[in-house]
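Peer 1: Below are the structure tokens for one structure; questions will follow.
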Amino acid sequence: MNERILLVGATGFLGSFVAARLADRPLSVLARPSSDTSVLPRGVDIRRGDLQSALPLHGVTTLVYCASMGFGHIPHLVAQLESSNVKRAVFISTTAIFTSLPSASRSVRLAAEASVERSTLRWTILRTTMIYGTARDRNISRLLRFLKRWPVFPLCGNALWQPIYVEDLADAVVAALDSPHTLRQTYNLAGAAPLRFAELIRQAARATGRQVILVPVPLQAAVLAARLSRVVTEEQVRRLAEDKAFAYTEAAADFGFQPRPFADGVQREARSLNLR
Ligand SMILES: NC(=O)c1ccc[n+]([C@@H]2O[C@H](COP(=O)([O-])OP(=O)(O)OC[C@H]3O[C@@H](n4cnc5c(N)ncnc54)[C@H](OP(=O)(O)O)[C@@H]3O)[C@@H](O)[C@H]2O)c1
């Protein structure tokens, strides 16, 4: 049977970069009726569907999964894949499963990974840290816009961060898919090196051509503000103060993963947002 890839999450932030890299192969993408398909490569085979129901798998041999594994549907999806012609599957998971804080979705995500790992598929799981790189990220683009406008930033905790540039992650998805060494393996993927939150803010400010004054805010005060304001959740505030650093030695050895430093990625993002 000829290879055909089904990409799930192709209209998402990461998925659109993966779709661009797979566009010269036999590729189908899953899109909901509401999905913005203008971000997809021209001429790609669009299959309408939803993760709430069975996937349209006719002719598909390979699944690349760039949607969330936190909805509770992965065990059903794995069962469907096992009874289909899909033999190879790459799943994007998250390093957030390593949190030591109470998390509503952690057990769902762990169960999702376990069902993939127990399966008869030739699977690979790629756990990613926070992804950044364009206006579509929901993190660094907001930070850059804030830093361009305001010279002062509240510093809550000074934990380690290791965000990954979206193009590095998209390259890694394709490299892992193609590598013979990644079968039945789980990898952590992150940016080049961990950096303290204060340094991350300074590098982001420099990328917009600004200096920033950091004003330390005690964690308990930030938690209280989150409770009262409900703008962010208490869990989000506590996550700020938790180290999020991950080694990627296995990914480097098995499929040549070599992400760029945050300083490079954030400068590219600032330029793409016309903030420099
Ligand atoms: N972004 C981060 O910082 C980050 C950090 C750690 C891990 N991750 C993981 O990395 C992966 C990609 O993240 P992302 O930021 O690119 O996600 P995203 O932009 O939110 O994209 C999610 C994709 O999943 C699709 N999707 C959602 N629900 C669906 C459903 N019921 N049926 C069919 N498709 C559905 C969306 O389709 P529509 O276009 O129709 O909405 C979209 O294409 C996810 O697994 C995420 O958990 C992300």
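Peer 1: Percentage of Cα-Cα pair distances in the stretch 1-145 greater than 18 Å, rounded to whole percent?
Peer 2: Numbers: 6034 of 10440 pairs.
Roughly 58 percent, once rounded to a whole number.
Peer 1: Net charge near residue 212, counting Lys/Arg +1 and Asp/Glu -1 over other residues with Cβ under 12 Å of its Cβ? The partial results should precede the final answer.
Peer 2: On the way: positive: 148, 149, 202, 206, 210; negative: 199.
So the surrounding residues net to +4.
Peer 1: What is the packing order of peptides 229-235, 134-140, taking the mean over residues of other C-beta atoms within 10 Å and listing the highest first? Please list the in-between numbers first.
Peer 2: On the way: 229-235: 11.4, 134-140: 15.9.
Peptide ranking by packing, descending: 134-140, 229-235.
Peer 1: Count the DSSP beta bridges whose two residues both fall in the chain, then state the antiparallel fraction as a percent rounded to the nearest 5. Walk me through the numbers before you get to the answer.
Peer 2: On the way: 2 of 36 bridges.
The antiparallel fraction comes to roughly 5 percent.
Peer 1: Starting from a Cα-only point model with no solvent, please compute log10 I(q)/I(0) by Debye for the stretch 131-259 at q = 0.14, 0.17, 0.18, 0.20 1/Å.
Peer 2: -0.73, -0.97, -1.04, -1.17
Peer 1: Shifting gears a bit: Residue by residue, what Karplus-based ³J(HN,Hα) values in Hz, rounded to whole numbers, does the stretch 118-135 have, using 6.51, -1.76 and 1.60 with θ = phi - 60° and x for Gly and Pro?
Peer 2: Computed from phi, the couplings for the stretch 118-135 are 7, 6, 8, 5, 8, 9, 9, 10, 10, 8, 10, 7, 4, 9, 9, x, 9, 4 Hz.
Peer 1: When the helices in the chain are scored as -39500 (n - 2.57) per DSSP H run of 4 or longer and the sum is shared across all residues, what 222 nm value do you end up with, to the nearest 500 deg cm²/dmol? Walk me through the numbers on the way to the answer.
Peer 2: On the way: 10 runs with 101 residues, N = 276.
Taken over the chain, the calculation gives -11000 deg cm²/dmol.
Peer 1: Counting Lys and Arg as +1 and Asp and Glu as -1, what is the net charge of the other residues whose Cβ lies under 14 Å from the Cβ of residue 53?
Peer 2: Numbers: positive: 32, 47, 48; negative: 50.
Value of the local net charge: +2.
Peer 1: What distance in nm separates the two pseudo spin-label positions at residue 178 and residue 250, each 7 Å out from Cα along the beta-carbon direction?
Peer 2: Placing both labels 7 Å along Cα→Cβ, they lie 2.3 nm apart.
Peer 1: Expressed as a whole percentage, what fraction of the accessible surface of the stretch 132-174 belongs to carbon and sulfur atoms when a 1.4 Å probe is rolled over the protein heavy atoms?
Peer 2: Values: 1040 of 1800 Å².
Solvent-exposed carbon and sulfur of the stretch 132-174 make up 58 percent of the total.
Peer 1: Which order, highest average first, do 178-188, 35-45, 83-93 follow once you tally other Cβ atoms within 10 Å for each residue and take the mean per peptide?
Peer 2: Working: 178-188: 15.3, 35-45: 13.2, 83-93: 19.8.
The peptides rank, most packed first, as 83-93, 178-188, 35-45.
Peer 1: Okay, moving on. Which residue fluctuates the most in the chain, going by a Gaussian network model with Cα springs under 10 Å, if the choices are 144, 214, 169?
Peer 2: 214
Peer 1: Report the rotationally averaged projected area of the chain based on its alpha-carbon convex hull, in square nanometres. Intermediate values should be presented prior to the final figure.
Peer 2: Values: hull surface 59.3 nm².
It is 14.8 nm².
Peer 1: Hey, another quick one. How much net charge surrounds residue 188 when only other residues with a Cβ under 9 Å from its Cβ are counted (Lys, Arg +1; Asp, Glu -1)?
Peer 2: On the way: positive: 127; negative: 250.
Residues close to residue 188 contribute a combined charge of 0.
Peer 1: Next question, about the same structure. So what's the stretch 44-104 giving for Rg/Rh, alpha carbon basis, Kirkwood Rh from the mean inverse pair distance? Can you show the working numbers first?
Peer 2: Details: Rg = 13.6 Å, Rh = 13.3 Å.
For the stretch 44-104, the value is 1.02.
Peer 1: When the C-alpha atoms of the stretch 191-276 are aligned to their principal axes, what extent does each axis show, in angstrom, from largest down?
Peer 2: Here the spans come out as 46, 33, 19 Å, largest first.
Peer 1: State, as an integer percentage, the relative contact order of the chain based on alpha-carbon contacts under 8 Å between residues 6 or more apart. Please report the intermediate quantities before stating the final value.
Peer 2: Details: 522 pairs, mean separation 50.3, N = 276.
Normalised by residue count, the contact order of the chain is 18 percent.
Peer 1: Could you state the accessible area per residue of the stretch 1-156 in Å², with a 1.4 Å probe and every protein chain left in place? Spell out each step's value before the answer.
Peer 2: Numbers: 7250 Å² over 156 residues.
Ligands and nucleic acids excluded, the result is 47 Å² per residue.
Peer 1: Just need the Rg to Rh number for the stretch 1-61, please, alpha carbons only, Kirkwood Rh.
Peer 2: Values: Rg = 10.8 Å, Rh = 11.6 Å.
Reported Rg/Rh (Cα atoms, Kirkwood Rh): 0.93.
The values are calculated or read from the model by the stated rules, or taken from the named source; none is laboratory data. No experiment lies behind these values; they were computed from the predicted model shown. All Cβ positions, even for glycine, are placed from backbone atoms using ideal geometry, and neighbour counts span all protein chains on display. For the accessible areas, the whole protein counts, side chains as well, though only heavy atoms, and no ligand, DNA or RNA atoms are used. Shrake-Rupley method; radii C 1.70, N 1.55, O 1.52, S 1.80 Å.
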